[in-house]
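Heads up: the structure comes next, in structure tokens.
The values are calculated or read from the model by the stated rules, or taken from the named source; none is laboratory data. Predicted model, so just to flag it, every value in this text is computed and none were measured. We place every Cβ from the backbone using ideal geometry, glycine too, and count neighbours over all the protein chains shown. Quick note on the areas: whole protein, heavy atoms, side chains included, nothing else; ligands and nucleic acids left out. Shrake-Rupley method; radii C 1.70, N 1.55, O 1.52, S 1.80 Å.
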Amino acid sequence: MNEKYSKRSAILSIISAITMFIAYEFAPDKPEGMMVVFLKVLFFSSIITGVLSLVFSYISFKNKEEGFLKKIAPLIILLILLVFSFSIIGVVIGLM
């Protein structure tokens with residue numbers, strides 16, 4: 001059973017990043033109606049694909065797959081968290 005989990009992990013992490021940033025890009029100040037549903041679908045699908053990419057990355061490390069693709073998912077998820085951390089810090093500093 002020689003499946004490439006690292007490719008799936010990289011693809012899902014990229015999809016996670018794209019859907020997360022699309023959700024925040026399209027979000028108006030006061031969402032109403034179908035926009036709320038659309039933003040929820042984007043946000044939660046981003047979280048689900050991010051978790052799945054980390055699971056596939058773990059499986060690829062466990063199976064000792066070769067290549068750098070298995071390291072992309074944790075890196076992208078870490079970069080997403082870093083961007084949100086900086087944005088939260090910016091909001092807090094802006095409130096002072």
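Taken across the stretch 28-38, residues that are touching a helix residue (DSSP H, G or I) at 6+ places or on another chain (Cβ under 8 Å) and either in contact (Cβ under 8 Å) with a residue 24 or more places away in the chain or at positive phi (or both) do not occur at all.
Of all the numbered requirements in (1) assigned to a helix (DSSP H, G or I); (2) open to solvent by less than 100 Å² (accessible area, probe 1.4 Å); (3) in contact with a helix residue (DSSP H, G or I) (Cβ under 8 Å, 6 or more places away or on another chain), LYS7 misses one, and that requirement is (2). Set side by side, the residues ALA17, ALA27 differ, and just one is closer than 21 Å to ILE80 by Cα, more than 11 Å from the chain's Cα centre (by Cα) and small (Gly, Ala, Ser), which is ALA27.
Exactly one residue among PHE86, PHE43, PHE38, PHE56 is open to solvent by 60 Å² or more (accessible area, probe 1.4 Å), under 30 Å from LYS4 (Cα atoms) and of a type in the set (A, V, I, L, M, F, W, C), and that residue is PHE43. What do you reckon, is GLU65 part of a loop (DSSP other than H, G, I, E, B), surrounded by 12 or more Cβ atoms within 10 Å (Cβ to Cβ) and acidic (Asp, Glu)? Spelling it out, GLU65 is indeed part of a loop (DSSP other than H, G, I, E, B), surrounded by 12 or more Cβ atoms within 10 Å (Cβ to Cβ) and acidic (Asp, Glu). Please go through the stretch 13-32 and give me each residue that is open to solvent by less than 100 Å² (accessible area, probe 1.4 Å), assigned to a helix (DSSP H, G or I) and not small (Gly, Ala, Ser), ordered by number. Within the stretch 13-32, ILE14, ILE15, ILE18, THR19, MET20, PHE21, ILE22 meet the criteria.
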